[in-house]
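Just so you know, all these numbers are worked out from the coordinates, no wet-lab data involved. From a predicted model like this one, the values you see are computed outputs, not experimental measurements. Counting neighbours? That spans all protein chains shown, and the Cβs are built from the backbone with ideal geometry, glycine included.
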Amino acid sequence: MLAALWSAGAYSGLLRTVIQRFKYRGRTDLARPLARLLADTWAAGHGTADVVVPVPQHPARTRQRGSTPATLLARALATQVGLPCADQALFRVRDTPPQVGLSARARWLNVQDAFGPGPDSALLQGRTVLLVDDVKTTGATLCASATACRAAGALRVVGLVVGHERT
């Protein structure tokens with residue numbers, strides 16, 4: 001589970017449009033301004049962490065999208081807040097169906113045991129991890145990723161997302 005979670009805003013209106021363009025239409029140029037929103041949210045929340053880790057997507061999804069949105073956000077955020085980014089610390093071990101359109105229960109089941117340690121998982125040992133993703137709906141993906149971070153030795157895991165859906 002996550003020890004804390006911050007969000008830059010509600011996943012609606014202009015923020016939703018920008019996130020969707022970034023995530024689904026290849027607008028990777030939006031990573032830096034979205035990461036600025038995350039950095040401002042992080043600073044306002046007075047959070048502390050040792051390392052930034054993106055929620056990983058399966059390689060098949062990367063081929064489909066042509067980019068890794070959470071990784072782009074995490075790298076840009078890490079640069080802006082002066083933390084290292086361990087973008088290979090976690091790996092998506094199963095190609096799960098998209099979460100969009102699934103019920104809350106189905107979302108939790110869909111990502112259960114979907115994440116595991118990556119080649120850089122040793123960087124999480126004894127550290128506080130700042131887990132980064134674009135959108136939080138039910139929290140299932142973030143919690144499953146946090147569980148994998150803890151299994152890799154993270155002391156504490158906190159989350160930061162650009163947008164959150166009101167559930």
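Report the label-to-label distance for Arg166 and Ser12 in nanometres (one decimal), using points 7 Å from each Cα along the Cα→Cβ vector.
Those two pseudo-labels are separated by 0.4 nm.
In vacuum, with every alpha carbon of the chain counted as one equal point scatterer, what does the Debye formula give for log10 I(q)/I(0) at q = 0.15, 0.16, 0.17 Å⁻¹? Two decimals, please.
Rounded to two decimals, the profile gives -0.74, -0.86, -0.99.
With an 8 Å cut-off on Cα pairs and a minimum separation of 6 or more residues, tell me the relative contact order of the chain in percent.
33 percent
Quote the Stokes-Einstein diffusion coefficient, in whole µm² s⁻¹, for the range 11-77, based on the Kirkwood radius over alpha carbon pairs, a temperature of 10 °C and a viscosity of 1.306 mPa s.
125 µm²/s
What fraction of the DSSP beta bridges in the chain is antiparallel, stated in percent and rounded to the nearest 5?
Once the DSSP bridges in the chain are tallied, antiparallel ones form about 15 percent.
Hey, rough spin-label estimate for Thr28 and Arg94, points 7 angstrom out along Cα→Cβ, what's it come to in nanometres?
About 3.0 nm, to one decimal.
Add -39500 (n - 2.57) for each DSSP H run of 4 or more in the chain, then divide by its residues: what number comes out at 222 nm, to the nearest 500 deg cm²/dmol?
-12000 deg cm²/dmol
Please list, ordered by chain and number, the residues whose modelled amide H lies under 5 Å from the amide H of Ser7; skip anything fewer than 5 residues away on the same chain.
Val161
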